[in-house]
1. Sort 78-86, 92-100 by packing, meaning the average of other beta carbons within 10 Å per residue, with the highest value first.
2. What per residue convex hull volume, in Å³, comes out for the stretch 72-118 when only alpha-carbon positions are used?
3. What's the extension gain from Glu47 to Leu86 if we count 0.36 nm per residue and subtract their Cα-Cα distance?
4. Where a Cα-Cα gap under 17 Å defines reach, which aspartates and glutamates qualify for Lys45, not counting those fewer than 8 residues away within the same chain?
5. Hey, rough spin-label estimate for Arg170 and His248, points 7 angstrom out along Cα→Cβ, what's it come to in nanometres?
6. Need one number: nm distance between label points at Arg59 and Glu238, each 7 Å from Cα along Cα→Cβ, rounded to one decimal.
7. Read through the labelled values (i) 61, 43, 37; (ii) 49, 43, 41; (iii) 62, 59, 40 and report the label of the one computed as Cα extents along the principal axes in Å from the structure.
8. I'd like the FRET efficiency for Gln140 and Ser110, computed as 1/(1 + (r/R0)^6) with the beta carbon distance as r and R0 of 45 Å, rounded to 0.05.
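The values are calculated or read from the model by the stated rules, or taken from the named source; none is laboratory data. Note that the structure is a prediction, hence the values are computed from the model and not measured. Cβ coordinates were reconstructed from backbone atoms using ideal geometry, including for glycine residues, and neighbour counts include every protein chain displayed. For accessibility, only protein heavy atoms count, side chains too; no ligands or nucleic acids. Shrake-Rupley method; radii C 1.70, N 1.55, O 1.52, S 1.80 Å.
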Amino acid sequence: MTDWPETTDGPETPPAALPAEGAPQPEAAAAPPRAVERLAFMSSKAEGAKAARARLAGRYGEVPPEEADVVVALGGDGLMLEALHLFRNTGTPIYGMNRGSVGFLMNEFSEDGLRERLRTAEKTALRPLIMRAVDEAGGQRVAHAFNEVALMRETNQAAKLRITVDGRVRLEELICDGILVATPAGSTAYNLSAHGPILPIDAQLLALTPISAFRPRRWRGALLPIHAHVRIDVLERERRPVAAAADHLEIRSIAGVEIAVDDSSESVVLFDAGHSWEERNLAEQFRF
């Protein structure tokens, strides 16, 4: 496998001098209002989403995404995930409104007061995982995942995997249907369905969650530091082929993968005030 690139620290910044005791404290500068004059719209292929896009574009005006202050995504969670990838590292915030089924990542749909909602929306920056996969022929593929990187068996044979974290083998052999590494943002998606933990959006953790573990039968996964490097090697891969998926991109018949958070990448999402991602993740833990 290819070594991860080394990181270098920048020059040390000297600590700021503390104000003298009793001295007046400077007032915090108020954040400037978010510019929301130029809007771009995108929608899923669902008829209701396309119709809503047409009405909103006619009502509020529309510019190309590269000129927009905010991109408004109309659809479900799949569309939001697509938008996160599409506008990664552009700095353009994405505001989703639910025109799909679940819509966990979306705001409630309304055509009224859109610009005011955008001005007062709460911002969350998301950093994706980066997956480096090696296939049977030795070829390498790199992909990003805002939700999770998942490995799954391709045939009726269970997968056999070796799990290494930060250069140390933690599980010599895991027999299972698969395994996934989920971000806090993705912890309520596939990870939750696989009985993994819900993580607060600002948690400095990753969820390592097995899918239908057979041996060791009682292993339920692990919580890892946010900057952990995970390596998963496929054992007996000729008899037990395994595919890897980073969000929507799938790579078949892999030999192994390396996974870590990509600190150089970021996408920005907006949620209505009082309905932030933190609140949604917390509320999800009290549903039954």
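1. So the peptides 78-86, 92-100, ranked by packing, come out 92-100, 78-86.
2. For the stretch 72-118, the hull spanned by Cα atoms encloses 62 Å³ per residue.
3. 11.9 nm
4. Candidates past the 8-residue exclusion: Asp77, Glu82.
5. Label at Arg170, label at His248, 3.0 nm between them.
6. Inter-label distance under the simple model: 6.3 nm.
7. Correct label is (iii).
8. FRET efficiency, Gln140 to Ser110: 0.50.
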